[in-house]
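Everything on this sheet refers to the single structure shown next.
The values are calculated or read from the model by the stated rules, or taken from the named source; none is laboratory data. The structure presented is a predicted model; accordingly, all values stated were derived computationally and were not measured. Because the Cβ atoms are built from the backbone with ideal geometry, glycine has one as well, and the counts that use them run over all protein chains shown. Side chains are part of the model used for accessible areas, which takes the heavy atoms of the whole protein and leaves out ligands, DNA and RNA. Shrake-Rupley method; radii C 1.70, N 1.55, O 1.52, S 1.80 Å.
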Amino acid sequence: MFNHQTLFETTQFYVQRQNLAANPRIAALRERHDMMNSIINELNQSNKNDLKRHLLLTSDKITNIFTQIQADKENVNSINLPVQADTKDNKNGSNFKRKSDESLGLPSSINQNFNFQQPLIQNNNLRQAVFKPGADMQDLVDQNMILEQLCLNQEHFLNELYEEAENIANSNLIWKKEIIQMNHHIENINKTISSLESNFVSEVKAIKNQVMNLHITSDQLQEEMDIESENNQNLMEQNKQYSQELNQLLEIKKQLEKEIEETEMHQKSLKEQNNQFSDFLATSEIKQQELFKRIELTVAEKKDLNDELQSIKGNIRVYCRIRPLLPSEINIDKCSNIIQVTSSNNVALQVPQQHLKSENNQKDYRFSFEQIFDENSSQQTVFAEMSQLIQSLIDGFNVCIFAYGQTGSGKTYTIEGGQSEESKGLMQRSMEMIFQQIKYLQQFGWTYKLFVSFQEVYMEQHRDLITNFKVSEKQDQLVFVEINSIEEFYPLMKRARENRKTGSTMCNDHSSRSHSIFQLKLYGSNTKDGKTCNGTLNLVDLAGSERVTQSKAEGVLLEETKFINRSLTALGDVINSLAQKDKHTPFRNSKLTYLLQPYLSGEGSKTLMFLNLSPSSSSYHQTLCSLRFGDKVSNIKLKKK
Ligand SMILES: Nc1ncnc2c1ncn2[C@@H]1O[C@H](COP(=O)(O)OP(=O)(O)OP(=O)(O)O)[C@@H](O)[C@H]1O
């Protein structure tokens, strides 16, 4: 039996379901499904080049749509349908069974917002209207027919709805499948996109690197181009300069060509002059040879004349030299000058007032010497007078020059002199003259070898002043140094002076108490005629000639003074003996005479004694002694062999 209430409720239910079918959300779902299809078609249609762009755009769209679909689907599922079997009002247990929500693809949960009370109330009202008590039978039959017809219509309509619902469920399943396929497809597309993206990124990276490299290469090329352009500019400038120089050179060339022409002309005239000159030279050479012969003869004559002159003057000569009063003698000791040079050969020693009695009131002592140099005589003047002896040395004589006098009378000043050009002494001036003469004589075939030694005799001890070593009896320890120029001589002189000074400080200023001997051995040979010519120069700075009694010396000083006096006396004796032509000359009486023996004896020897005098009144006795010694020596003549 058909239950009207149940039919009504069922009808109500399917009306609601139809309403659901017409739900705007489901319609929207459909629309989006269509849109997705169109997008997929669109994607399939898009060409490969635009694929990436489309994919990027559509992937976002798809993602949005998909999320919306998911949301909509959830919303759809969340819409609850009334379950007839479970309602309270299904009292009659209707056999109408609605299809399960799952089979329709709809969720089984109940939508709490849907109001079921309103239709139920309406049904009750309808039921009351239909089954109204007291209504007549015909009305009921009519009503029943209407209701049966209504029921049939409703059933038919419900079947349609049911089919419609099944279709929706089927299509829903198809959508699900499509969505799954689409998801796969989207995944594949995403994969393709990501691979394309990674390729794109790597390609972009590669392209970026290439672009970077291109930038670098471009920068380098730019730099090179800049350098090249600079070089180019420089080259242009150089080119300009070269072209200017070339023009100048061309002008110079023109001038030179002119000059060459002129020079060639000049050369021709010079050749002619040359021929004339060569003729003239030939005759001049003959004349020159004649002149050389004459000069040689003149030199030989000069040598003989010099020898003769020295002989006339005497082989032993005495030059007297008086030094000026020293500032200390004038200012401190208040001494006066007691020597008067009366002429170039005569000197007078005044007896000081305090000594007049002891000298028997003799006012002065007068002496004559070959040459007297007063206090104003320069080193140059003194040397000029004795330079003839140096010439004799070069001519092959032995020359001995002594400086004799008391301490501080000017012996060292005369022999060695000072450091300045003006004050340099006999030693330096002699050496300079010798080297000048050697150079001059080279043109006549003379060559010379020079050897020098510096030595000292102190208290009969012989010492080498170059090595600063003691020399034994054998003399072979004495060093002779060969010198080839005046420059080689100076350091040796300096060294000897220093060694003498060192000795002086070690031995209580023994420099004034020792005899200093400079020796030069000169060996000459003539390459033209084979002649030889050997001579020796001795410059002797004698020790101070103080007398023991007058010096009031004591101790070591007394000993030194005794040695000095002994050696000076021995020198005087030797000179005297030589003058007396004695058979035996006592050379061995002192180290000094023993050393000088070879150069004092014989006709090839020339001796000069400088008698150095102090003009001070305080040195009266010493000066008188020196003058007497000098007088004695100046009267000696060396014997001839
Ligand atoms: N002709 C001169 N002109 C100027 N000064 C001189 C002259 N002679 C000597 N003198 C000075 O007198 C001082 C003593 O001279 P020097 O040392 O030569 O004496 P010396 O006789 O060698 O003494 P010593 O025996 O003690 O060595 C020095 O200061 C020197 O410069």
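Roughly how much of residue 378 is accessible, in Å² to the nearest 10, using a 1.4 Å probe?
Rounded to the nearest 10, that gives 50 Å².
State whether region 314-634 is rounded, prolate or oblate according to the following rule on the C-alpha gyration tensor (a ≥ b ≥ c being the square roots of its eigenvalues): a/c under 1.5 gives rounded; otherwise a/b larger than b/c gives prolate, and the remaining case gives oblate.
In terms of gyration-tensor shape, prolate.
Calculate one ³J(HN,Hα) per residue across region 180-187 by plugging θ = phi - 60° into the Karplus curve 6.51 cos²θ - 1.76 cosθ + 1.60, and present them in order as whole Hz with x for glycine and proline.
4, 4, 4, 4, 4, 4, 4, 4
Output wanted: per-residue J couplings in Hz (rounded whole) for region 370-382, from phi through Karplus 6.51 cos²θ - 1.76 cosθ + 1.60, θ = phi - 60°, x for Gly and Pro.
Those phi angles translate into 4, 8, 10, 10, 7, 5, 8, 5, 7, 4, 4, 4, 4 Hz.
Taking a probe of 1.4 Å, how large is the accessible area per residue of region 314-634, in Å²?
45
List the pairs from 606/632; 581/632; 424/591; 293/521; 363/632; 411/449 whose alpha-carbon separation is above 19 Å, in the order I gave them.
Violating the 19 Å limit, Cα to Cα: 424/591; 293/521; 363/632; 411/449.
Can you tell me the accessible area per residue over region 192-260, all protein chains present, probe 1.4 angstrom, in square angstrom?
On a per-residue basis, 93 Å².
Which length gain, in nm to one decimal place, applies between residue 162 and residue 226 when the Cα-Cα distance is subtracted from 0.36 nm times their residue separation?
Fully extending the segment from residue 162 to residue 226 adds 14.1 nm.
R0 = 60 Å: FRET efficiency of residue 288 with residue 632, Cβ-based, nearest 0.05?
The calculated FRET efficiency here is 0.70.
Residue by residue through region 196-201, which ³J(HN,Hα) values in whole Hz follow from phi under the Karplus form 6.51 cos²θ - 1.76 cosθ + 1.60 (θ = phi - 60°), with glycine and proline marked x?
Result, rounded to whole Hz: 4, 4, 4, 4, 4, 4.
Where the only charges are on Cβ atoms (+1 Lys, Arg; -1 Asp, Glu), what is the dipole of region 314-634 about its Cα centre, to the nearest 20 debye?
The dipole of region 314-634 has a size of about 440 debye.
Using a 1.4 angstrom probe on the protein heavy atoms only, could you order 527, 593, 585 from most to least accessible area?
Highest to lowest solvent-accessible surface, that is 527, 585, 593.
Under the rule of at least 5 residues apart or a separate chain, name every residue whose amide H is placed under 5 Å from the amide H of residue 468.
Sorted by chain and number, the residues that satisfy this come to none at all.
Residue 424's amide H: which non-local residues (gap 5+, or another chain) put their own amide H closer than 5 Å, with H modeled 1.01 Å from N in plane and none for Pro or chain starts?
Those qualifying (amide H under 5 Å, at least 5 residues apart or on another chain) are 418.
Charges at C-beta only: +1 for Lys and Arg, -1 for Asp and Glu. How large is the resulting dipole of region 196-282 about its Cα centre, in Debye rounded to 20?
Value, rounded to 20: 120 debye.
Between residue 245 and residue 190, what is the spin-label point distance in nm, taking each point 7 Å from the Cα along the Cα→C-beta axis?
8.0
Provide the gained length on full extension for the span residue 212 to residue 255, in nm with one decimal, where the gain is 0.36 nm per separating residue minus the Cα-Cα distance.
Taking residue 212 through residue 255 to full extension adds about 9.2 nm, to one decimal.
Using label points projected 7 Å from each Cα along Cα→Cβ, tell me how many nm separate residue 562 and residue 343, to one decimal.
For residue 562 paired with residue 343, the spin-label model returns 4.5 nm.
Provide the net charge surrounding residue 618, with neighbours chosen by a C-beta distance below 12 Å and charges set as Lys +1, Arg +1, Asp -1, Glu -1.
Summing Lys/Arg as +1 and Asp/Glu as -1 gives -1.
Taking amide H positions as placed 1.01 Å from N in the peptide plane, with prolines and chain starts having none, which residues 5 or more places from residue 370, or on another chain, fall under 5 Å of its amide H?
Hits under the 5 Å cutoff: 318.
Using the Cβ atoms and a cut-off under 13 Å, what net charge is assigned to the surroundings of residue 324, where Lys and Arg are +1 and Asp and Glu are -1?
Its environment carries a net charge of -1.
Ignoring ligands, DNA and RNA, please state the percent of accessible area on region 339-497 from carbon and sulfur, probe 1.4 Å.
Here carbon and sulfur together make up 47 percent of the probe-accessible area.
Full extension from residue 525 to residue 202: what is 0.36 nm times the residue separation minus their Cα-Cα distance, to one decimal in nm?
In short, 105.8 nm is gained.
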